[in-house]
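The values are calculated or read from the model by the stated rules, or taken from the named source; none is laboratory data. What you see is a predicted model, and the numbers here were worked out from it, not measured in a lab. Here Cβ is always computed from backbone atoms with ideal geometry, including for glycine, and neighbour counts include all displayed protein chains. These area figures cover heavy atoms from the full protein model, side chains too; ligands, DNA and RNA do not enter into them. Shrake-Rupley method; radii C 1.70, N 1.55, O 1.52, S 1.80 Å.
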Amino acid sequence: MSLNNENEYKGRLIAAVKKEVKQVMEESVTRKFVHEESGSVTSLCAAVEACLSQGLRRRALGLFKTSSTTALLHKIAKHSREAAIISKKVQEIENSDPNRRSSSSSESLTKPTLKKNHSLPSTPLPKYLWIRLALFEKQLAKIIDYLVSNANKYYDKDALVADPDYGSILSSLLVGPCALDYSRTKTPDHFWTDPPADELVQRHRISSSHSTPPPVRRPILNFRRSLNASSEDSITNRTTTQHLAKDYVESLHQNSRATLLFGKNNVLVLPVNADVSQPMPGYLSLHQTASGLTIKWTPNQLMNGFTDEVQDKSVFWDYALQVRLDEIVYVHCHQDSETGGTVILVGQDGVQRPPIHFPKGGHMLAFLSCIETGLLPRGRLDPPLWSQRCSNKRRRPLPALSETEETTKDYVFRIADNTTHKDILKQNELMDTHIALPPKSRVQLPSTSTSSESSTKSFSIDQNAPDSPPSICIQAVCDSMKRQIISRAFYGWLAYCRHLSTVRTHLSGLVNSKIVNGEGASDGITVEKWNELCTDGVVTDHAELYRLTYFGGIAHDLRKDLWPYLLGHYKFGSTTQQRMELSEETKQAYENTMSEWLAVEAIVRQRDKETQANAIAKLSSESMSGEQVPAQIQRDLSNEVFEDNISDEDSGPNVEEEDKPERTRQNTIKYDSDPEQDEKEERYQQQQLKDFIHNVIVTNASVDMGNLGSEIEANGHRNDLDVVAEENSSLDTCIETHGLASPAMSTCVSPASSNGGVYSQELLETFGLNLHRIEKDVQRCDRNYWYFTVENLDKLRNVMCTYVWEHLDIGYMQGMCDLVAPLLVIFNDESLTYACFCHLMERMVENFPNGNAMDCHFANMRSLIQILDSEMYELMHSHGDYTHFYFCYRWFLLDFKRELVYPDVYATWEVIWAAQHVASSHFVLFLALALLETYRDIILSNCMDFTDIIKFFNEMAERHNAAAVLSLARDLVLQLQLLIENK
Amino acid sequence: MGSRVNMRPTSKNTLLKVVILGDGGVGKSCLMNRFVSNQFDEHSFHTIGVEFLNKDIEIDGETYTLQIWDTAGQERFKTLRTPFYRGSDICMLTYAIDDKHSFRNLQMWKNEFLYYADVKENVQFPFIVIGNKSDVEANEREVSQVEMETWCNENAISACIETSAKNASNVQEAFATAVQHWLRLENRADKNECLYTDTVDLTKKQSENRTSCCINASDE
């Protein structure tokens, strides 16, 4: 290597370290801690290792055998205190693992990190162990410092470490990472059991080796198919996947090849080949395949998901048990009052299988009875578990096995073979072929079924359990089989009919009965199409418009013109002229309404200001207790109300008001007054006075003139009013808001234009409260989207306030802003947005907490899943409470607005709106279902429970492939339509 | 074996369910996000429905997994959030120090929680009161620390803290305090079950002073 090359190489090595240091530091900044097993730590260690190995005087130091740098560490331990600490730790760790004496960093690079017969149920030692440890212990920089300063001893002259520049750079680079805190709280275990949504999708992508965009894979939704057998789709998947682990875990579920007869969690087994002393909990299951019964036990560690990389979990695979029952001759049962009992299986060779310890609660008995039923008709337990001698119909288990205290604690069963009679065998085969025919619904199949649903086990014990020796009359057996076959066929048919009737009664309302063909509509409404549809400004063919929108969406530039049609604001058949008039009207009405609430807002704001001033004054008075408190504030403290305008301050304390602190306990209404509005203010004053005088209904509201320009006259009025108010303070009645009823013609949005309305206290409170909420939420609405500048957020707020003012009974609810936002972006016109939003809300308002649509949605989702994806339904059922479907809440409330990015929201919304005229007025349900189906394999393979699903979908927000979801949703609608039509 | 154990935790962590409650806009989601991912989004959304995140936290050498549930703050969404109260281990009552109203509503939140969480009567529940937005200017503050402490004392809540999700101050501490508080009550409950004594437990771990206020004061 030439000198140049050498230098370049060193430069590269240092650059690599630099890069990894930067990575680690960044990670620490964003996460506040770096995980010990983070990939960036490993890469950093690798980079450091590379630097340290370069130019190491192996031969001179006698370091040829093992990992040079680890040996180097041990070597310098004599001289460096830091190295000694780390060296000791490394040795401790290595010694605690007899399998790997000399774990060396560079060796473990090339060797597979996992050995099959690992003696410890732990992971192999991590790579670059000593560098890692030194880093965690914050000693690495010092150790390297030592190496650099003593480089001549250990390194060649031209080594990186010996280089005057690079050496010191290396050690100083590592000072930063050595100052960090490394955490081990999140281990890969957690990563696997609690992975982020990203990771799940990624894993799924890896594990499903077929088709490139897996999330879009068609789910098994075909009804007929799911009737016959379980997911054929997933079986074909399984065969294609190369992942043993996944296969294995999946094999524990019920599938078409094997019926699950029994399953129980937390069954304890002490694996033979394990190094553990305590029995481990695991999942015990009993499967029936065509060839016989299999007992499987899988350690709990493997039950949460699967690994497609070599992970530390893999050692548990060795522990898993799989016992074919036809290899077993004896079943020993040991009863114990302390535990739920133990079962030991003894094979033909006399070898015992590991004892299976059941938890309490009759599980052993259940397990045995499942075995007994599963064995039939070819085998049986001898003596029979269920005592047949009792003449009454109720079967009773052998006394010894009921969990009551008994003298006999142990019991031995022999597994006897019934199949000496070839005829029976033949009969069985015959039956098998028959059995495939009648449809059965997996949906209603309990997984631990002992009923007559699976293909080989089928005899109910009452009639058939061959209590007598195998010499029973063949004819009887054949007869009973015939009966069985017929009854099974019947039950299958019955179940099918019931199922269909459920579909029809519950779900027929969800889709339109008429199936609209989507041919040629996949491009949606393009500009050319629109020109065809809209002749002379009149749109007549609404059916075609809906159809095109439903199947293909609307070109973005046309949305502004088309959405008002879809939402029902523009009428089909209207002329351009009519629509212009409508727009003008809409605008007028909008501005009128706005001027109304703006007036109220002004009042509310004024009150707020005072309240806030009071609160702050109170705070500051607390902090400066003892100091001189201004009279103004003093008074505020005494009566906590928005009494005086702070702006009064410059005019000095108002004596008159100070006189009556008590009075001001009453609620006070105040008008904001600008000097220019003096006259109008005065008019209010007068008018209000009249009101007071004319109506005996006097409110506890008093009017305060913040403006001294209104002079003593006003004050005098107020005085009178106050007296009246005092006297009538028991009356809670409010003044009618007469100002609101009269039409305000002015488009001026000044508060003064609102006809001098006097607003009831209640109204002010209500609207004020809404205003605050709107304010808070508008400020937080889609700020990351380019459209929402401060100016446009104001528009959003105006639309929102106008809606709430007009619908005070509904009020503002969180989520409404989200619904306004996309409309506003498209229209960029307040009044049009408002009008369309009102139309939109006609449907959406029911979703909000005071409506009941959400519950209906959830119930419908449930039925749909039950019909269309039974496997998913079973999973949801097994996690009881997640049938509440809370994870769909936001979807329905906002029409998926938060699940998708803006362009996708537009596309989705217009399809939802068009759908009711084309395919289904509950299209959102199918969208939800499509979303769920898109990730069904991930959900199923990770056995997600309720909380997992919530977390998953929250994390997946705005990352869905909307086009695929939409088209899947349309497919689902069609499927249900076909299902219902196909009687 | 010591260092071996250091490389990975041996046992499964205790899972604690934490519910964050408080008015809309006080910063519940921001607190959660700051704590879990150390991020703060100036433009974060208001929460619709519920969201939750998991995060491990180490207290006294033990690791706890916190399952933090963030709820919608608006009163109207009560039916949606209340089912999630059940089975909570810790409840964080949150207000914004620049919003008096949100402070006043703490009582409402506390009552709602107690009602729906199905907390056994006479059992002290680990509430922690959090005054968020401690980063606001002094003149925008509407609730003083004294007021918070007074309210806590009146309501027999012994943990409170002012935080800022924006500048990350006290956020970790708030969650740590909450867990410590839970631990204390848990220990006390255990003890009460055996024998009711009024002796002072000298071995009890005193929490650090950084949590600002009442913890030590009301511990006696």
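Being among the small types (Gly, Ala, Ser) and open to solvent by 20 Å² or more (accessible area, probe 1.4 Å) is the filter here, so list the residues in region B:9-28 that pass it.
Scanning region B:9-28 gives a single hit, B:11.
Identify all residues within region B:90-107 that are open to solvent by less than 10 Å² (accessible area, probe 1.4 Å) and either within 12 Å of chain A (Cβ to nearest Cβ) or of a type in the set (Val, Ile, Thr) (or both); write none if there are none.
Once the filter is applied, which keeps residues that are open to solvent by less than 10 Å² (accessible area, probe 1.4 Å) and either within 12 Å of chain A (Cβ to nearest Cβ) or of a type in the set (Val, Ile, Thr) (or both), region B:90-107 yields B:90, B:94, B:96, B:97, B:102.
Can you say whether residue A:770 is within 14 Å of residue B:43 (Cα to Cα) and either open to solvent by less than 20 Å² (accessible area, probe 1.4 Å) or within 14 Å of chain B (Cβ to nearest Cβ) (or both), as far as the supplied structure shows?
No.
Go through (1) touching a residue at least 40 places away in the same chain (Cβ under 8 Å); (2) within 30 Å of residue A:587 (Cβ to Cβ) one by one and return the number of the condition residue A:824 breaks.
(1)
Look at residue A:892 and say whether it is within 20 Å of residue B:49 (Cα to Cα) and among the aromatic types (Phe, Trp, Tyr). Break it down stepwise before answering.
Values: within 20 Å of residue B:49 (Cα to Cα): yes; among the aromatic types (Phe, Trp, Tyr): yes.
For residue A:892, the condition - within 20 Å of residue B:49 (Cα to Cα) and among the aromatic types (Phe, Trp, Tyr) - is met.
Return the total of residues in region B:40-56 being more than 7 Å from chain A (Cβ to nearest Cβ), under 19 Å from residue A:821 (Cα atoms) and surrounded by fewer than 17 Cβ atoms within 10 Å (Cβ to Cβ).
1
So residue A:886 clears everything in (1) within 14 Å of chain B (Cβ to nearest Cβ); (2) of a type in the set (Phe, Trp, Tyr); (3) open to solvent by less than 10 Å² (accessible area, probe 1.4 Å) except one condition, right? Which one?
(3)
Return only the number of the condition from (1) modelled with pLDDT under 50; (2) in a loop (DSSP other than H, G, I, E, B) that residue A:108 does not satisfy.
Failing condition for residue A:108: (2).
In region A:812-835, how many residues are among the small types (Gly, Ala, Ser), within 14 Å of chain B (Cβ to nearest Cβ) and on the phi < 0 side of the Ramachandran plot?
The qualifying residues number 1.
One residue is enough: does region A:960-983 have a residue meeting the conditions free of Cβ contacts under 8 Å to residues at least 60 places away in the same chain and under 13 Å from the mean Cα position of the chain (by Cα)?
no
Taking the stated definitions as given, is residue B:120 within 14 Å of chain A (Cβ to nearest Cβ) and either closer than 20 Å to residue B:177 by Cβ or not aromatic (Phe, Trp, Tyr) (or both)?
no
Where in region A:135-227 are the helices (runs of 4 or more DSSP H), entirely inside, with at least 3 residues that are of a type in the set (A, V, I, L, M) and at pLDDT 70 or above?
Counting at least 3 such residues, we get A:140-149, A:164-173, A:197-207.
Could you list all residues from region B:117-143 that are surrounded by 18 or more Cβ atoms within 10 Å (Cβ to Cβ) and either charged (D, E, K, R) or touching an Asp or Glu at 6+ places or on another chain (Cβ under 6 Å) (or both)?
Of everything in region B:117-143, those that are surrounded by 18 or more Cβ atoms within 10 Å (Cβ to Cβ) and either charged (D, E, K, R) or touching an Asp or Glu at 6+ places or on another chain (Cβ under 6 Å) (or both) turn out to be B:131, B:133, B:134, B:141, B:142.
Any idea how many residues of region B:30-39 are more than 10 Å from chain A (Cβ to nearest Cβ) and open to solvent by 40 Å² or more (accessible area, probe 1.4 Å)?
The number of residues fulfilling the criteria is 1.
Quick check on my filter: what residues within region A:41-55 are surrounded by fewer than 20 Cβ atoms within 10 Å (Cβ to Cβ) and over 19 Å from residue A:9 (Cβ atoms)?
A:42
With the checklist (1) touching a Lys or Arg at 6+ places or on another chain (Cβ under 6 Å); (2) part of a helix (DSSP H, G or I) in hand, flag the one item residue A:521 doesn't pass.
So residue A:521 meets the others, but not (2).
Return the residue satisfying two criteria in turn: it lies in region A:264-279 and is open to solvent by 50 Å² or more (accessible area, probe 1.4 Å) and assigned to a strand (DSSP E or B), and of such residues it is modelled with the highest pLDDT.
A:268
If residue A:791 passes every condition in (1) open to solvent by 20 Å² or more (accessible area, probe 1.4 Å); (2) closer than 25 Å to residue A:766 by Cα; (3) more than 14 Å from chain B (Cβ to nearest Cβ) but one, which one does it miss?
Single failed check for residue A:791: (2).
Could you say whether any residue in region A:552-562 is farther than 30 Å from residue A:800 by Cα, touching a residue at least 12 places away in the same chain (Cβ under 8 Å) and either open to solvent by 20 Å² or more (accessible area, probe 1.4 Å) or outside any helix (DSSP H, G or I) (or both)?
Yes, region A:552-562 has at least one match.
Tally time: how many residues in region A:847-861 are without any contact (Cβ under 8 Å) to a residue 60 or more places away in the chain and more than 14 Å from every other protein chain (Cβ to nearest Cβ)?
Of the residues in that region, 2 qualify.
So which residues in region A:761-782 are farther than 25 Å from residue A:823 by Cα, out of contact with any Ser or Thr (no Cβ under 8 Å at 6 or more places or on another chain) and polar (S, T, N, Q)?
A:766
Which residues, taken from region B:57-85, are among the aromatic types (Phe, Trp, Tyr) and facing chain A (nearest Cβ under 7 Å)?
B:77 - this is the single residue of region B:57-85 that is among the aromatic types (Phe, Trp, Tyr) and facing chain A (nearest Cβ under 7 Å).
With the condition kept exactly as written, say whether any residue in region A:779-787 is within 13 Å of another protein chain (Cβ to nearest Cβ), within 21 Å of residue B:24 (Cβ to Cβ) and open to solvent by less than 10 Å² (accessible area, probe 1.4 Å).
Yes: region A:779-787 contains one or more residues that are within 13 Å of another protein chain (Cβ to nearest Cβ), within 21 Å of residue B:24 (Cβ to Cβ) and open to solvent by less than 10 Å² (accessible area, probe 1.4 Å).
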